[in-house]
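Visitor: Structure in structure tokens, see below.
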Amino acid sequence: MDNLIRFKQSDLAKITNFRNGEIKFGEKMLIVPKDENVFEFIKNCEAQFVILGIPEDVGVRANLGRAGAESAWKSAIASIANIQHNKFCKGNSILVLGQVDTSQEIEAAALLDENNPEDRKKLFKIVEQIDKEVSHIIFHIVKAGKTPIIIGGGHNNAYGNIKGTALAKGKPINAINFDPHSDFRILEGRHSGNGFSYAYDEGFLKNYFIFGLHESYSSKNVLDNLKSLKDRVKYNTYDEIKIRSQKSFSQELFQALEFIKQEAFGIEIDLDAIPGIASSAMTLSGFSVEELRQFIHYFGNHKNAAYLHICEGAPSLGEDKNNHLIGKLIGYLVTDFIKAYSTN
Ligand SMILES: N=CN[C@@H](CCC(=O)O)C(=O)O
């Protein structure tokens, strides 16, 4: 895997705060040893979960959003390394594979202005390059029988996750997306707002459920398109569930699972659904952290859950004094998924 920067034992040691009498995830999580073949090691190691970081925000910029999602990976892995290894969750169930090497793409994108139409087209092309790298790595993880946990990055990476998983399974997969936005925008060139529409158009995505759309941030055009595809794309809105109480959260979890559970499915989490989380489309209205954790438990508990993707968190857009909080939240979500999966 040329475009992978492997995590090393010394990287883990640097971010783990050792304490006498305690065992942290950083002391137990696996890494691919220096001289080992990556694919072989993934296949044969004891860990079921493979953590991959995608530190980029080119997709968000190409969608005319606010950059910053590049910073979530570093914060997340530092928090994960300091989770306690205990009877509730074991560090050695995780292989920290490392991060997609996005340095060239970020460097090329830095020279471009997303508000200039010609530059924006170049950003679309750079996102396509990231797509190739993401789908390639995800393909190999899933093919090895393991479960990727992907920490982005922009939501553009849903495309690579879905494509890589579908190719490994040899058929299209389903997806559930916890997101105020459909990310089903027009096929104008790749960015963070059309990962699912491209995956659908290219035949990698079969059934798609969007959980908790914000009515005020879904365009008529997108809603019309979703309506025309209603046999394969379904959604509920945050407003229906939490504001007007027309639908119940737990009943909607059930309905969504019924729609996707027949095939392998990806669990996509956009952190801009949670109030107060620094992100490109940061909001003060949305589901609570506990509802998100219940959501991950509910879907992660099903045997067809194929991967977890947590994206769009942008610690660098947050307050300086508490910029570790997004990483800490991601740590909770990762362990919720592992615990749910392990009891399915
Ligand atoms: N992945 C996020 N997609 C949202 C982002 C909105 C924003 O950055 O402001 C969307 O395209 O609607």
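The values are calculated or read from the model by the stated rules, or taken from the named source; none is laboratory data. Here the structure is a predicted model, which is why all the values come from computation and not from measurement. Using ideal geometry, Cβ is built from the backbone for each residue, glycine included, and neighbour counts are taken over all protein chains shown. Each accessible area value is taken on the protein alone, full model and side chains, heavy atoms only, with ligands, DNA and RNA left out. Shrake-Rupley method; radii C 1.70, N 1.55, O 1.52, S 1.80 Å.
Visitor: In µm²/s, what is D for the range 142-199 at 25 °C and 0.890 mPa s, where D = kT/(6 pi eta Rh) by Stokes-Einstein and Rh is the Kirkwood radius from Cα pairs?
Guide: It diffuses with D of about 203 µm²/s by this estimate.
Visitor: At 1.4 Å probe radius, can you tell me the per residue accessible area of the range 4-341 in Å²?
Guide: So the range 4-341 comes to 42 Å² accessible per residue, rounded to a whole number.
Visitor: Report the antiparallel proportion of the DSSP beta bridges in the chain as a percent, rounded to a multiple of 5.
Guide: Rounded to the nearest five, the antiparallel share is 15 percent.
Visitor: Assign one of three labels to the range 230-344, namely rounded, prolate or oblate, based on the Cα gyration tensor with a ≥ b ≥ c the square roots of its eigenvalues; rounded applies when a/c is under 1.5, prolate when it is not and a/b is larger than b/c, and oblate otherwise.
Guide: It comes out oblate by the Cα gyration axes.
Visitor: Can you work out the PRE-style zone for residue 289? Point 7 Å along Cα to Cβ, and I want the residues of the range 7-28 with backbone N under 15 Å.
Guide: None, by backbone N distance to the label point.
Visitor: If contacts are Cα pairs under 8 angstrom and at least 6 residues apart, what is the relative contact order of the chain in percent?
Guide: Computed value for the chain: 20 percent relative contact order.
Visitor: A follow-up question, please. Magnitude of the Cβ-charge dipole of the range 126-169, K/R +1 and D/E -1, about the Cα centre, nearest 20 debye?
Guide: 240 debye
Visitor: Quick one: in the range 4-341, what % of C-alpha pairs are over 35 Å apart?
Guide: Everything past 35 Å amounts to 15 percent.
Visitor: Which percent of Cα-Cα pairs in the range 41-151 sits in each 5 Å bin, short to long?
Guide: 2, 11, 19, 18, 16, 13, 9, 6, 3, 1, 0
Visitor: Run the dipole for the chain about the Cα centre, Lys and Arg Cβ at +1, Asp and Glu Cβ at -1, nothing else charged, and hand back the magnitude in debye, nearest 20.
Guide: 980 debye
Visitor: Just subtract the alpha-carbon distance of residue 43 and residue 243 from 0.36 nm times their residue separation and send over the number in nm, one decimal.
Guide: 67.4 nm
Visitor: What is the Cα radius of gyration of the range 84-226 over 2.2 N^0.38 Å, N being its residue count?
Guide: Ratio of Cα Rg to 2.2 N^0.38 Å: 1.15.
Visitor: Heavy atoms only, probe 1.4 Å: what % of the accessible area of the chain goes to carbon and sulfur, would you let me know?
Guide: 49 percent
Visitor: Which Rg and Dmax, in Å, describe the Cα atoms of the range 1-43?
Guide: Rg then Dmax for the range 1-43, in Å: 12.5, 39.
Visitor: Please give the charge dipole size of the range 293-337, origin at the Cα centre, charges +1 on K and R Cβ atoms and -1 on D and E Cβ atoms. Round to the nearest 20 debye.
Guide: 200 debye
Visitor: Further, regarding this structure: Arrange the peptides 197-203, 86-92 so that the one whose residues have, on average, the most other Cβ atoms within 10 Å appears first.
Guide: 197-203, 86-92
Visitor: Taking each full run of DSSP H in the chain as one helix, which ones are at least 30 Å long along their axis (Cα atoms) and have mean Kyte-Doolittle hydropathy of at least -1.0?
Guide: Flagged H segments are 117-143.
Visitor: If I stretch the segment between residue 229 and residue 322 completely, what's the gain in nm (0.36 nm per residue apart, minus their alpha carbon distance), one decimal?
Guide: Gain on stretching residue 229 to residue 322: 29.3 nm.
Visitor: What residue among 70, 263, 252 shows peak mean-square fluctuation when the chain is described by a Gaussian network model with Cα springs under 10 Å?
Guide: Comparing 70, 263, 252 in the GNM, the peak value goes to 252.
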